[in-house]
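Everything below concerns the one structure shown next.
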Amino acid sequence: MAGAVVEYSRGRSTYASLRLSVLQFLADPQWLVPSMIAPVIFALVSFELFRGAGAYFLTYAILGAGMMSMWGQTLYGSGWATGQDREFGTLEPTVQSPTPYLYVILGRVLWNVVSGLFGGLIVYLVILGVAGGPPAVPDPLGFALLFVFVMVTLAAVGVIFAAFYVYTRYAGFIQNIGEFAFYIGTGCMFPVVLLPFYTNPISLFFPPTWGLDALRYLAIPGYQGFSWGFWGDLAGAIVTTAAYLGAAAALFRRVERHVLEEGSLAWY
Amino acid sequence: MSSSTWAIETRGITRVFESRKGFLFREATRTEALRGIDLTVERGAIFGLLGPNGAGKTTLTKILSTLLLPTGGTARVLGHDVVREAGYLRPRMGLVLGGERGLYNRVSGRENLRYFADLYGIPLAERDRRISEVLARVDLEGAADRRVEEYSRGMKQKLHIARGILHRPEILFLDEPTIGLDPKSARETRKLVRSLLADGVTIFLTTHYMFEAEELCPELAILSKGRIVARDTVARLRQLVGGDRTLEAEAYGFEDREIDVLRHLPGVSKVLNEEFGPVSRLTIRVRTEETRPDALREILLPGHPEVAVRERRTSLEDVYLDLVEEEAR
Ligand SMILES: Nc1ncnc2c1ncn2[C@@H]1O[C@H](COP(=O)(O)OP(=O)(O)OP(=O)(O)O)[C@@H](O)[C@H]1O
Ligand SMILES: [Mg+2]
């Protein structure tokens with residue numbers, strides 16, 4: 001008998017997607033390595049360059065490189081998984097299911113943020129081995145909480161980027177450009193204030209810019225980042241993240257409409 | 001009949017694909033995949049769609065199953081608009097596009113089903129039992145826990161079918177469901193289709209296998225170049241192409257004069273002359289009982305002592321080839 005129709009649940013779908021990501025990762029875990037090479041090198045190089053810049057520079061370098069690794073993992077991973085849906089031909093049955101694709105993406109992004117954390121941890125260990133331990137963080141609990149929130153800000157960007165992958169099979173190309181601009185734009189590696197003035201306002205559109213600056217305020221005594229200070233950073237991070245997540249649902253609806261119109265769901 | 005009694009109801013569905021190729025001087029090509037499809041299918045019925053490669057079968061299947069928007073026209077499934085009410089329809093429809101793709105290769109068949117069971121919100125208490133149930137129905141229990149990348153083509157096809165029925169849809173779209181299946185599995189699949197039908201599921205099926213269409217579908221349509229060129233029961237389609245009896249004569253070449261004589265025999269609606277190397281075959285469609293194989297022998301024997309004449313029922317394949325050929329002319 002045709003069964004009674006049951007509703008999908010957002011939470012369950014998100015979890016199912018996260019779980020499938022983990023299973024697929026476990027089937028083939030080595031791709032975590034390449035995404036960590038660049039951040040480790042960046043961290044070591046900047047460490048060498050600014051060797052005499054003071055004790056807290058090490059914290060700065062670790063935060064930057066760790067973020068870069070997590071960022072790479074989030075962005076690359078989320079987009080890549082969607083690109084794979086195209087390649088596998090699973091985009092069609094997934095879109096055909098009652099769950100909006102947004103929640104499938106969300107599950108993947110969450111997994112990518114978590115796996116990015118491993119990457120960040122490894123960067124940390126490498127630098128620890130080479131340069132010794134950084135000074136202790138004054139407020140470890142606050143730092144940890146904020147850190148988790150920064151992961152959420154990353155996820156928000158990951159979700160938006162993944163939309164491009166649903167939109168077009170050329171998204172990988174867009175991302176390769178975008179990813180690099182992002183490292184610099186958010187001041188992961190170099191303080192945003194060192195960059196030409198005009199890049200500043202752009203970087204403010206990215207939630208992690210605010211989050212990372214707030215993290216630095218917490219980890220580095222006497223840090224001078226954006227002039228609005230820690231609380232301003234925190235507020236900015238919350239507002240931009242909310243805006244990203246708020247826009248995501250509408251963005252995905254438009255993207256779906258576009259691909260159904262174009263008939264490009266099966267292209268790869 | 002009120003409109004909601006139809007499982008499928010389309011009006012003037014068209015679909016144009018615009019694609020571009022080239023780099024700097026991009027050249028646009030336009031493909032009219034569907035050119036005005038009007039179709040109704042009753043609830044609980046099975047409907048078969050035949051047609052040559054590129055006729056638009058998959059395109060129509062995707063439009064009806066909310067994976068593609070029509071360029072023009074409207075389509076309602078289960079009384080709901082496929083464009084505006086996709087959210088209502090998706091949990092109620094199943095789709096089997098089949099093929100080598102469309103599955104997560106790195107995890108097991110069971111995990112594939114579990115993932116989709118979750119996306120469809122199948123009650124947790126029932127989920128695992130239902131997965132085992134559909135795996136048994138497509139005879140894939142033995143391989144359920146192997147990675148899909150190790151599956152043969154037919155095993156993948158079975159997994160596609162399992163996924164399509166997992167959430168117990170009210171309407172099931174099957175695009176060439178038995179492609180790649182061995183004869184036994186194909187027969188099992190047809191049995192499965194009949195049992196779903198007995199459960200009240202409406203089935204929309206495309207196929208290239210004439211016997212499959214004839215066996216499963218009391219009613220079918222033939223799609224050619226984006227248009228439905230015929231839609232009826234198999235028996236009536238036989239009449240449409242000129243009779244349900246077919247006579248065949250084989251010999252080393254026939255003359256136009258002979259063919260002309262055959263054309264004027266009572267009840268003959270069509271004579272087709274095909275050459276297979278040195279051998280020619282005449283296929284003669286006969287509407288009435290009057291013209292029997294003997295009459296043919298009488299006419300052909302003098303010129304062709306070797307002639308072999310036989311009679312058979314007009315097959316769906318004959319009907320199909322006639323109609324598609326007519327359309328091509
Ligand atoms: N995404 C697409 N972009 C451009 N053209 C397309 C697309 N999908 C289908 N077409 C074109 O639309 C027409 C109908 O294709 P369709 O796949 O519906 O045929 P079909 O009847 O399913 O054929 P087959 O029996 O080979 O499966 C073809 O000319 C095809 O080239
Ligand atoms: Mg097809």
Evaluation of residue B:271 against (1) in contact (Cβ under 8 Å) with a residue 40 or more places away in the chain; (2) touching a Ser or Thr at 6+ places or on another chain (Cβ under 9 Å) (one fails), failing number: (1)
Boolean, residue B:195 is more than 14 Å from every other protein chain (Cβ to nearest Cβ) and either farther than 23 Å from residue B:98 by Cβ or modelled with pLDDT of 90 or more (or both): no
Residue selected from the range B:70-104 under the condition without any contact (Cβ under 8 Å) to a residue 24 or more places away in the chain and among the basic types (Lys, Arg), by the criterion nearest to the other protein chains (Cβ to nearest Cβ): B:101
First in the range A:225-242 and part of a helix (DSSP H, G or I), second anywhere and acidic (Asp, Glu), Cβ under 8 Å, 6 or more apart: A:233/A:213
Selection count where residues are more than 16 Å from ligand 2 (Cβ to nearest atom), among the basic types (Lys, Arg) and over 19 Å from residue B:15 (Cβ atoms), scope the range B:63-102: 2
Single unsatisfied condition, residue B:60 versus (1) under 23 Å from residue B:172 (Cβ atoms); (2) more than 16 Å from ligand 2 (Cβ to nearest atom); (3) away from chain A (no Cβ under 11 Å): (2)
Yes/no for residue B:103 being crowded, with 18+ Cβ neighbours inside 10 Å and within 13 Å of ligand 1 (Cβ to nearest atom): no
Flag for residue B:319 being among the β-branched types (Val, Ile, Thr) and either within 21 Å of residue B:252 (Cβ to Cβ) or touching a His at 6+ places or on another chain (Cβ under 7 Å) (or both): no
When residues of the range B:16-45 are limited to those that are open to solvent by less than 10 Å² (accessible area, probe 1.4 Å) and in contact with an Asp or Glu (Cβ under 9 Å, 6 or more places away or on another chain), the one nearest to ligand 1 (Cβ to nearest atom): B:39
Candidate set from the range B:204-216 (those that are buried (at least 21 other Cβ atoms within 10 Å of the Cβ) and within 14 Å of ligand 2 (Cβ to nearest atom)); member that is nearest to the other protein chains (Cβ to nearest Cβ): B:204
Hey, residue B:283 without any contact (Cβ under 8 Å) to a residue 40 or more places away in the chain and among the β-branched types (Val, Ile, Thr) or not: yes
Answer from A:6, A:40 - the residue that is within 9 Å of another protein chain (Cβ to nearest Cβ) and at pLDDT 70 or above: A:6
Residues located in the range A:144-172, provided they are farther than 24 Å from residue A:217 by Cα and open to solvent by 10 Å² or more (accessible area, probe 1.4 Å): A:160, A:161, A:164, A:165, A:167, A:168, A:169, A:170, A:172
Out of B:172, B:159, B:181, B:247, sole residue that is over 21 Å from residue B:53 (Cα atoms), in contact (Cβ under 8 Å) with a residue 24 or more places away in the chain and not in a strand (DSSP E or B): B:159
Selection from the range B:33-48 of residues that are closer than 21 Å to residue B:169 by Cα and of a type in the set (D, E, K, R): B:42, B:43
Qualifying position, being open to solvent by less than 10 Å² (accessible area, probe 1.4 Å) and without any contact (Cβ under 8 Å) to a residue 24 or more places away in the chain, among A:94, A:74, A:82, A:99: A:94
Pick from the range B:61-81, criterion within 16 Å of ligand 1 (Cβ to nearest atom) and of a type in the set (A, V, I, L, M, F, W, C), ranking: surrounded by the fewest Cβ atoms within 10 Å (Cβ to Cβ): B:69
Which numbered condition residue B:235 fails, given (1) modelled with pLDDT under 90; (2) in contact with a strand residue (DSSP E or B) (Cβ under 7 Å, 6 or more places away or on another chain); (3) surrounded by fewer than 19 Cβ atoms within 10 Å (Cβ to Cβ): (2)
Hey, residue B:219 within 16 Å of ligand 2 (Cβ to nearest atom), away from chain A (no Cβ under 14 Å) and in contact (Cβ under 8 Å) with a residue 24 or more places away in the chain or not: no
Residue among B:51, B:56 that alone is modelled with pLDDT under 95, within 16 Å of ligand 1 (Cβ to nearest atom) and crowded, with 18+ Cβ neighbours inside 10 Å: B:51
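The values are calculated or read from the model by the stated rules, or taken from the named source; none is laboratory data. Bear in mind that the values here come from a model prediction, so they are computed numbers and not experimental data. Neighbour counts are summed over all protein chains in view; Cβ atoms, including those assigned to glycine, are modelled from backbone coordinates with ideal geometry. Side chains are part of the model used for accessible areas, which takes the heavy atoms of the whole protein and leaves out ligands, DNA and RNA. Shrake-Rupley method; radii C 1.70, N 1.55, O 1.52, S 1.80 Å.
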